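Below is one structure, written out as structure tokens; comments come after it.
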Amino acid sequence: MDFDALFEEWKASCSFAAFIRDGIVDSNRYEKPHILFILRDMNCLQERDLCADLRRDGSGWKTWSNIGRWTKALLDGDLDYPRDMSPAKRVPQLARISVMNLKKEGGGSRTDGQALLAAVQTQRKMIYEEIRLCDPDIIVCCGLSSSGMTGNATLLKDHVLPVSTEWASFRSRGFERDWWYFFAEINGKQIPVISFCHPQVTNLAGCRGHDRLFAPLYRDMLYIRELFLQKHN
């Protein structure tokens, strides 16, 4: 099965008002190690091809600017924080990765936690198939558990992925907190699944802005590269 066949089957099996297509952003530029970023859903009320948007202009500024930065950290290991992530800088970074929303139905600006859980539970086989087609070497789940909202990594662990290990953690390089992860078997490989914050985060442990928030998160992505991607370098 390829992406086209999967998405046609997905749309046929569910009553979507606004189906959001995603996956490998640019198959001609998808770099090894393969990075898959997993988000919750998209603020959009009409059918949309997210990958086409990312190839064209990098889509919305905050989410995709930070994912562009995190991509650079994971794939290049560049120690200098890339403050400038304008469209001209962002588009080449995003072309190197795959991206996926767990909930394919477009929605509003705030995710409905119960609707997200229901989508994952009822569509888990198709979610897994999309992950398999992306063939990731690492999965970064952008969205932590909070205020009744189950984190993306927990949703995958509990409902979607064939899990190989229990939760483990590593200490953040910039914040007084741990980041949690587990390993899952995908396409015969043991893949780390990292539970990380959402790229639109504006306040973490009282920290805001580039120097106190986004730059430390970038350093944590460099540490994730060191911990989990050294064999690919």
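The values are calculated or read from the model by the stated rules, or taken from the named source; none is laboratory data. Since the model is a prediction, treat every value here as computed from it, not as a measurement. Cβ coordinates were reconstructed from backbone atoms using ideal geometry, including for glycine residues, and neighbour counts include every protein chain displayed.
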Test set (1) buried (at least 17 other Cβ atoms within 10 Å of the Cβ); (2) in contact (Cβ under 8 Å) with a residue 24 or more places away in the chain; (3) not in a helix (DSSP H, G or I) - residue 130 fails condition number: (3)
What number goes with the only condition from (1) at pLDDT below 95; (2) more than 16 Å from the chain's Cα centre (by Cα); (3) surrounded by 14 or more Cβ atoms within 10 Å (Cβ to Cβ); (4) not small (Gly, Ala, Ser) that residue 46 does not pass? (3)
Taking residue 98, is it touching a His at 6+ places or on another chain (Cβ under 9 Å), at negative phi and crowded, with 22+ Cβ neighbours inside 10 Å? yes
Kindly evaluate residue 69 against the criterion of being in contact with an Asp or Glu (Cβ under 6 Å, 6 or more places away or on another chain) and either crowded, with 16+ Cβ neighbours inside 10 Å or without any contact (Cβ under 8 Å) to a residue 60 or more places away in the chain (or both). no
Kindly indicate whether residue 85 is surrounded by 20 or more Cβ atoms within 10 Å (Cβ to Cβ) and touching a residue at least 60 places away in the same chain (Cβ under 8 Å). no
All but one of (1) charged (D, E, K, R); (2) under 20 Å from residue 222 (Cβ atoms); (3) in contact with a Leu (Cβ under 9 Å, 6 or more places away or on another chain) hold for residue 41, so report the exception by its number. (2)
Can you work out which of the residues in region 135-169 that are in a strand (DSSP E or B) and either aliphatic (A, V, I, L, M) or in contact with a helix residue (DSSP H, G or I) (Cβ under 6 Å, 6 or more places away or on another chain) (or both) is farthest from residue 30 (Cα to Cα)? 149
Taking interchain pairs and intrachain pairs at least six residues apart, which have beta carbon atoms under 8 angstrom, with the first residue in region 205-233 and free of Cβ contacts under 8 Å to residues at least 24 places away in the same chain and the second among the hydrophobic types (A, V, I, L, M, F, W, C)? 213/201; 213/204; 213/207
